[in-house]
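As C-alpha cells, the structure follows; a few thoughts come after it.
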Amino acid sequence: MKRKLRLLLFIAVLVFCAFQLYIFSQQNFGSPKLQLRWDSVQIEMRHTLRDPLENVSHVSIKSVPFAVFKEGFIGNYEPAPREALDRPGDYGKPVIVGGKERVLAEKSMGIYGYNIIASDKIAMDRIPPDFRMTDCKFWHYPEESELPSASVIIVFRDEGNFKADLSVYLKDNFKDKVKLFRNSKKEGLIRSKKIGAKYASGDILVFMDAHCECGRNWLVPILALLAHNRTIVASPVTNVIDWETFAYKTTFREKHHHGIFEWGFLYKESKVPDMELTSRKYNSEPYRSPTLAGGLFAIDGKYFFELGGFDPGLQSQGGENFELSFKNYIRVVEVWLDNEHKQYFYARQPSMEEYPILNISKQLEFKKEHECKSFKWFLENVANEVLDYYPPPPPNKYWGQVMLENTKTCSNWEASSAGERNIRMSPCKSDKKSQLFRLFRLNVKGQLIWDEFCIETKNDILYIQECPVQPTSNWSYLEFILEHLMVCKEFCDMSNLIEDKTFQSQESDK
C-alpha cells in the first residue's frame, strides 16, 4: 500500500510560494484544518451531498491580509527540517529497477502508465527536494483561525493493485481526514470532480489529478491567498516526476511562466510579461495567468459553484470513445468564442466541424445572465500575448490524408527516442480514429501542417518543425498531386517509397 497514499502516483509535482502557486511540501495532513478527500471515479450515493451554495464558514469572504515578508526570518508555517534519510526516492533521487524486476516494471508501465515496481520501493512520506526560491521560506501567513479549511479532491480509476483493502487502510491510518466515495456508474473525470466538490466540506476546493505529489509548506499559501481574495483561482507551477524512475526534476526555477493556449486549444506556457513581474515587490509573490492546467487548481468552494462549476456536458476522453475529447473542445468553443474566433479553431481542427453540437442552451443562458465579456475582450485585456505567440491560422484549402498514388500507403509521423519527429509511410487506415490522427491540412499560405507542426524540406528530406509565425513553406496541390515547389515531386521518405503523392482531400469551406 506504499504506492497510493503519497497523494497517488506523482508524475507531475506542485510547488507553492507564489501564485501560480509553487506548491511543494510534504505537510502533515492535520494543520491547518486540512480535510483531505479522495474521490474515486466510482462514488456510491450513500452520503448526503451538500448544497453547493450553502453558507459554510467561508472565512474567504473576509479581507484577510495575504502574507508578510520578513527577510531572514523563517515563516510561521515553515516546517522544521526532516531527519536526513537514505531511502529509495528521497530528495528526488531516481529509483532504478533491474534484473527480474525489470520485466514486471515494463509490464506495469504498459498497463498503468507508470513503474509500479519503482513506486512500491518509495516511502509514502518520501522527502522531496525543495526547489522553491529562498524567499519562499520568509513569508509569514495569518493565524490558523483566520484561514479557511480545505478539501483536496482526487479522482482516480484503473490504478494498479492495492496491497490492502483501501477503505480499511484509510480508516485505520487517516481516521476522518480521508474519505473514499465510489460512483455507482461510470461518470467520467469531469463529472466525478463535480460530484467530489459537492461532497467536500472544506471552504476551499483543491483539485488534483491522480498523479500529483506536494512539496514543502504547500497548503498554507493557498489558503492565505484565497482568504485574501475569494475570486482568485490558484494554479500551480508544475515540476516533473519521471514516470519510470520517479526522479523529481525542476522545470522553471525562478524563471516565471504562465498558461496560454494555441488555436487548437492545447495548453501552452509562456514567459510572464515583464510588466506583470515588475508590478510585484518580491519575486516570490503571486502573479496573474490567463489560463491554467485544468487538473491542478484551488478555488473558493462557494465561488466555484457561483461560476457554475464544471460543465456537466464535458466528459473525459477514454480508450473506448476517443471522440469525447473532440466534443469537449467543440462545446467550449461554441459557448465561449465569438464567431470571429471560432473560425480560427475550426481552421486548426477542420475535422471537428463534422461533429454535432450538443445542447449548450444552459451554458449560453448562464453566459447571458452573468453578462460575461466577449472572447475578444479576453484576448485584448487578459490573454493579450496569445496572438503574438500563436497568430490566427490561415484558412485551409484542403485537408485529409496524404497517400502515395496508386498505393495504400499514407503519410504518418512518429517521434524518435531522441525526441525528433519524422515523416514515415505506413498502410492507410480506414477507421475514423486512425484517420483523425493522420490528417494533414494545406492552407492558403502554402503550409502543409499536421496538428500544430509544419512539414518542411531540407536537402530533399522531409521533417517536422513548429510552424513559424511568418509562413515560409511553399506547398501546392494541383490535379491531385501534392508537391513542394522547391523540391521535385518525389516524396523523399525514409522508406524510399518514391511516387507522386495523392492528397486524399476534403476541400475546406473556410
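The values are calculated or read from the model by the stated rules, or taken from the named source; none is laboratory data. Model, not experiment: these values are computed from the prediction. No Cβ is skipped: glycine too gets one built from the backbone with ideal geometry, and neighbour counts run over all protein chains shown.
The rows are residues; the columns are (1) among the basic types (Lys, Arg); (2) on the phi > 0 side of the Ramachandran plot; (3) out of contact with any Phe, Trp or Tyr (no Cβ under 6 Å at 6 or more places or on another chain).
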| site | (1), (2), (3) |
| --- | --- |
| Gly92 | no, yes, no |
| Gly98 | no, no, yes |
| Glu101 | no, no, yes |
| Lys107 | yes, no, yes |
| Tyr112 | no, no, yes |
| Asn115 | no, no, yes |
| Ala118 | no, no, no |
| Asp125 | no, no, yes |
| Arg132 | yes, no, no |
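Has region 120-133 got at least one residue that is more than 30 Å from Lys186 (Cα to Cα) and assigned to a helix (DSSP H, G or I)?
Taking region 120-133 as the starting set, the residues that turn out to be more than 30 Å from Lys186 (Cα to Cα) are 121-123, 125-133.
With assigned to a helix (DSSP H, G or I) added as a condition, the list becomes none.
Checking region 120-133: not a single residue is more than 30 Å from Lys186 (Cα to Cα) and assigned to a helix (DSSP H, G or I).
Scanning for something modelled with pLDDT under 90, surrounded by 15 or more Cβ atoms within 10 Å (Cβ to Cβ), of a type outside the set (A, V, I, L, M, F, W, C) and not assigned by TED's automatic domain parsing to the domain that holds Arg441, does region 330-337 turn up at least one residue? Among the residues of region 330-337, at least one is modelled with pLDDT under 90, surrounded by 15 or more Cβ atoms within 10 Å (Cβ to Cβ), of a type outside the set (A, V, I, L, M, F, W, C) and not assigned by TED's automatic domain parsing to the domain that holds Arg441, which makes the answer yes.
Among the residues of region 134-141, are any under 20 Å from Asp300 (Cα atoms), out of contact with any His (no Cβ under 8 Å at 6 or more places or on another chain) and among the polar types (S, T, N, Q)? Taking every residue of region 134-141 in turn, none turns out to be under 20 Å from Asp300 (Cα atoms), out of contact with any His (no Cβ under 8 Å at 6 or more places or on another chain) and among the polar types (S, T, N, Q).
Rundown of residues vs (1) closer than 30 Å to Asn229 by Cβ; (2) surrounded by fewer than 16 Cβ atoms within 10 Å (Cβ to Cβ); (3) modelled with pLDDT under 95; (4) in contact with a Gly (Cβ under 6 Å, 6 or more places away or on another chain), yes/no style:
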residue: Phe73; (1), (2), (3), (4): yes, yes, no, no
residue: Val95; (1), (2), (3), (4): no, no, no, yes
residue: Lys100; (1), (2), (3), (4): no, yes, yes, no
residue: Lys107; (1), (2), (3), (4): no, yes, yes, no
residue: Ile111; (1), (2), (3), (4): no, yes, yes, no
residue: Ala123; (1), (2), (3), (4): no, yes, yes, no
residue: Arg126; (1), (2), (3), (4): no, no, yes, yes
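Count of region 206-231 residues, restricted to those that are among the small types (Gly, Ala, Ser), in a helix (DSSP H, G or I) and more than 18 Å from Ser151 (Cβ to Cβ), is 0. Can you spot a residue in region 274-289 that is assigned to a strand (DSSP E or B), outside the structural domain of Phe366 (by TED's automatic domain parsing), touching a residue at least 60 places away in the same chain (Cβ under 8 Å) and not basic (Lys, Arg)? The answer is no; no qualifying residue exists.
For region 379-393, state whether one or more residues are touching a Lys or Arg at 6+ places or on another chain (Cβ under 6 Å) and surrounded by 18 or more Cβ atoms within 10 Å (Cβ to Cβ).
Yes, region 379-393 contains at least one residue that is touching a Lys or Arg at 6+ places or on another chain (Cβ under 6 Å) and surrounded by 18 or more Cβ atoms within 10 Å (Cβ to Cβ).
When region 168-211 is filtered for residues that are among the polar types (S, T, N, Q), in contact with a strand residue (DSSP E or B) (Cβ under 6 Å, 6 or more places away or on another chain) and more than 18 Å from Ile299 (Cα to Cα), only Asn183 remains.
Which residues, taken from region 176-205, are part of a helix (DSSP H, G or I) and either of a type outside the set (D, E, K, R) or over 24 Å from the mean Cα position of the chain (by Cα) (or both)?
Listed by number, the residues that qualify are Leu189, Ile190, Ser192, Ile195, Gly196, Ala197, Tyr199.
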